[in-house]
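Have a look at the structure below, then the notes.
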Amino acid sequence: MVRIYYSTVYGSTREYAEELASLLDDTAQPIPSTSPSIDGPVVVLSPIHGPSHAGAKFVKSLPADVPVALVTVCMSTAAPETDPAAGLLGKRADSVTRFYLPGRMNYSGLSLKHKMVMRGLVTALKAKGNLSASEQDTVDMYGKDTDWVAFAALDPVVAWVRRQADA
């Protein structure tokens, strides 16, 4: 049996977690405030917001001998070129399987603070030039409600869970 945990800000990560749980005939639950006792593989789904990644923080609290997959939901259809979750996992990076999924950004529902952060990010990216695919997605979707949630992107995560069950 796999444990599926998630953190969400705007809902797309929760939707992925619930779909994954449905595909695996399991349940998904929010990341708990304290590390639970774990007796099998764990999948943690979480968005990344700059240096903030609730999933990476939770994964670092889990026992080192537990098989873990960290699924990061991004603001792009392209996986980040730099694997940002690896850096946030620190020493745990080598023992955690990482996946990246496209998410949703609803500018119409953002707080003023988040809108200002995004404005600064997009301004910096435009000034940089020569953008990667994920950076270009961030610029292109700026100011627009964008939904790139694709449940088919969960297929590699489901395969990982099934390999853990067969091990």
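The values are calculated or read from the model by the stated rules, or taken from the named source; none is laboratory data. All values derive from a computational prediction rather than experimental measurement. Neighbour counts run over all protein chains shown; Cβ positions are idealised from the backbone, glycine included. Note: accessible area is taken over every heavy atom of the protein model, side chains too, but ligands, DNA and RNA are not part of it. Shrake-Rupley method; radii C 1.70, N 1.55, O 1.52, S 1.80 Å.
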*Length released on extending from VAL139 to SER61, taking residue separation times 0.36 nm less the Cα-Cα span*: 24.7 nm
*How far is helix 12-23 tilted, in degrees, relative to the longest principal axis of the Cα atoms in the chain, given as a value from 0 to 90 rounded to the nearest 10?*
30
*Search the structure for amide H atoms under 5 Å from the amide H of LEU45, placed 1.01 Å from N in the peptide plane, and list their residues when 5 or more places away or on another chain.*
TYR5, TYR6, SER7, VAL71
*asked:* So, for region 84-167, what is the accessible surface per residue at a probe of 1.4 Å, expressed in square angstrom?
replied: 58
*Within the accessible area of region 15-62, what % is carbon and sulfur when the probe is 1.4 Å and the other protein chains stay in place?*
48
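Quick check: with the 1.4 Å probe, what order do ASP94, ASP83 take by accessible area, largest first?
Details: ASP94 160, ASP83 45 Å².
Ranked list, largest accessible area first: ASP94, ASP83.
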*Within region 127-141, which residues have the backbone N less than 17 Å from the label spot 7 Å out from TYR10 along Cα→beta-carbon, could you tell me?*
134-141
*Once you have the Cα-Cα distance between ASP147 and ASN130, take 0.36 nm times their residue separation minus that, and quote the gain in nm to one decimal.*
3.7 nm
*Between THR27 and VAL117, what is the spin-label point distance in nm, taking each point 7 Å from the Cα along the Cα→C-beta axis?*
3.1
*So what are the ³J(HN,Hα) numbers for region 66-71, from phi and the Karplus equation (6.51, -1.76, 1.60; θ = phi - 60°), rounded to whole Hz, Gly and Pro as x?*
8, x, 10, 10, 10, 10
*Sequence-distant or interchain residues sharing an amide H contact under 5 Å with ASN106, placed H: which?*
THR146
_In Hz, Karplus ³J(HN,Hα) per residue of region 33-40 (6.51, -1.76, 1.60; θ = phi - 60°; x = Gly, Pro)_ = 6, 10, 5, x, 6, 10, 10, x
